[in-house]
Amino acid sequence: MMTIASGSSGNCIYVGSEETHILIDAGISRKKIEEGLHNANLTLKDISAVFVTHEHSDHIKGLGVMSRKHNIPVYSTKGTIDGILSTAALGELNSDLFCPMERESDILIGDLCVHSFKVSHDANDPVAYTVSCGEKKAGIVTDLGYYDDYIVDNLKGADMMLVEANHDVNLLQVGSYPYYLKQRILGTRGHLSNESSGQLINSLLHDNIKKILLGHLSKENNYDKLAYETVRLEIDMGDNKFMSKDFDIDVAKRSEPSEIIEL
């Protein structure tokens, strides 16, 4: 797994095996995606499918040019696909490339099994994903206003994970955003705060986790060190046996690729 971009200005995550390569979201330019894949010695010609979480611009921005140039199948829920196809900024799209999938379904792409599950966000029909290959599992969950046992159950057992740590509540409340936008972000269909992210991660910890990435940080209402330290504190204050120092925790970069995380 590798994040190519992760933040409020654009999101794209690569997940693959030796045989199969997919993207989760394409919210940056085709050129930037191609440059990121180059770090893994791949090109867009190697990508078998794109799985989209929801239709907001920072998750679909590159889909138009990418689909026209490379004819890559795009999987998501019907509501998300309807939203994508009605986004004029993407230009002309070939609807035949879009593959509707049910929430809580498993899609097999080569030797990868992609599982979708619903999240609470202000979009048509948003989902998050886990990707499994054999006994190994990666979880990618961003853009959700809250988590519950259902979210935890879907992510349990992940060997590596990207979890949203969007904002610091205090920075958001005293910041320059208009009131309605602050309420949207803080609401149950908004985004996870650093504290909530740490609490979610704390409920997913097990002995064999290889990597934890914090993602989708707000440019205005968060910064790397604050997210990192807040999540670590939540883990250290948690009611299980684990401490943050037991795990490799990092913050996904907003506009440059992470290291390639291998299992």
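Using every alpha carbon pair in the range 145-263, what percent of pairs falls into each 5 Å bin from 0 up to the bin containing the largest distance?
For the range 145-263, the pair-distance distribution reads 2, 12, 22, 23, 20, 13, 6, 2, 0.
Where a ≥ b ≥ c are the square roots of the eigenvalues of the C-alpha gyration tensor, would you call the range 84-137 rounded, which needs a/c under 1.5, or, failing that, prolate if a/b is larger than b/c, or oblate?
Taking the square roots of the gyration eigenvalues as a ≥ b ≥ c, the range 84-137 is oblate.
Which value results for Rg/Rh of the range 220-263 when Rg is the Cα radius of gyration and Rh the Kirkwood radius based on the inverse mean 1/r?
Expressed as Rg/Rh, it is 1.03.
Counting residues in the range 121-187 as N, plug N into 2.2 N^0.38 Å and put the Cα Rg over that result.
1.36
Answer with one residue from 21, 57, 37: the one whose Cα lies farthest towards the positive end of the charge dipole of the range 1-63, charges on Cβ with Lys, Arg +1 and Asp, Glu -1.
With unit charges placed on the Cβ atoms, the residue in question is 57.
For Cα pairs less than 8 Å apart in space and 6+ apart in sequence, what is the mean separation divided by the residue count of the chain, i.e. the relative contact order in percent?
Once normalised by length, the contact order is 19 percent.
Please report the antiparallel percentage of the DSSP beta bridges confined to the range 1-114, to the nearest 5.
The antiparallel proportion sits near 55 percent.
Among DSSP beta bridges whose residues both lie in the chain, state the antiparallel percentage, nearest 5.
50
Using the eigenvalues of the Cα gyration tensor, what equivalent ellipsoid semi-axes result for the range 1-50 when each is taken as the square root of five times the eigenvalue, whole Å, largest first?
Over the Cα atoms of the range 1-50, the semi-axes work out to 17, 11, 9 Å.
Once you order the gyration tensor axes a ≥ b ≥ c over the Cα atoms, which shape class does the range 74-165 get: rounded for a/c under 1.5, otherwise prolate or oblate by comparing a/b with b/c?
Oblate is the answer for the range 74-165, as a/c is 1.5 or above yet b/c matches or exceeds a/b.
Would you work out which of 186, 200, 263 lies farthest towards the positive end of the dipole of the range 108-263, given +1 charges on the beta-carbon of Lys and Arg and -1 on that of Asp and Glu, about the Cα centre?
Highest projection toward the positive end goes to 186.
Taking each pair of different alpha-carbon atoms in the range 1-120 once, compute 1/r for the pair, average those values, and report the inverse of that mean as the Kirkwood hydrodynamic radius in Å to one decimal.
Over the range 1-120, the inverse of the mean reciprocal pair distance is 14.1 Å.
Could you sort the peptides 102-112, 170-180, 223-233, 16-26 by per-residue average Cβ neighbour count (10 Å cutoff), highest mean leading?
Highest to lowest by the protection proxy: 16-26, 223-233, 102-112, 170-180.
Treating the beta-carbon of each Lys and Arg as +1 and of each Asp and Glu as -1, no other charges, what is the dipole magnitude of the range 224-263 about its Cα centre, to the nearest 20 debye? Provide the component values of the computation, followed by the final result.
On the way: 6 positive and 11 negative charges, 24 e Å.
The calculated dipole for the range 224-263 is roughly 120 debye.
Stokes-Einstein at 20 °C, 1.002 mPa s, Kirkwood radius from Cα pairs: D for the chain in µm² s⁻¹?
Numbers: Rh = 18.3 Å.
It diffuses with D of about 117 µm²/s by this estimate.
Counting only protein heavy atoms, what percent of the accessible surface of the range 17-150 is carbon or sulfur at a 1.4 Å probe?
46
Please give the Cα centre distance for the range 81-110 versus the range 192-213, rounded to the nearest Å.
About 30 Å separates the Cα centre of the range 81-110 from the one of the range 192-213.
Just to confirm, what accessible area per residue do you get for the chain at 1.4 Å probe, in whole Å²?
45
Note down the magnitude of the dipole of the range 148-188 about its Cα centre, charges +1 on Lys and Arg C-beta and -1 on Asp and Glu C-beta and zero elsewhere, to the nearest 20 debye.
Approximately 300 debye in magnitude.
The values are calculated or read from the model by the stated rules, or taken from the named source; none is laboratory data. All values reported here derive from a predicted model rather than from experimental measurement. Neighbour counts run over all protein chains shown; Cβ positions are idealised from the backbone, glycine included. In case anyone asks, the SASA skips ligands and DNA or RNA and just uses the protein heavy atoms, side chains included. Shrake-Rupley method; radii C 1.70, N 1.55, O 1.52, S 1.80 Å.
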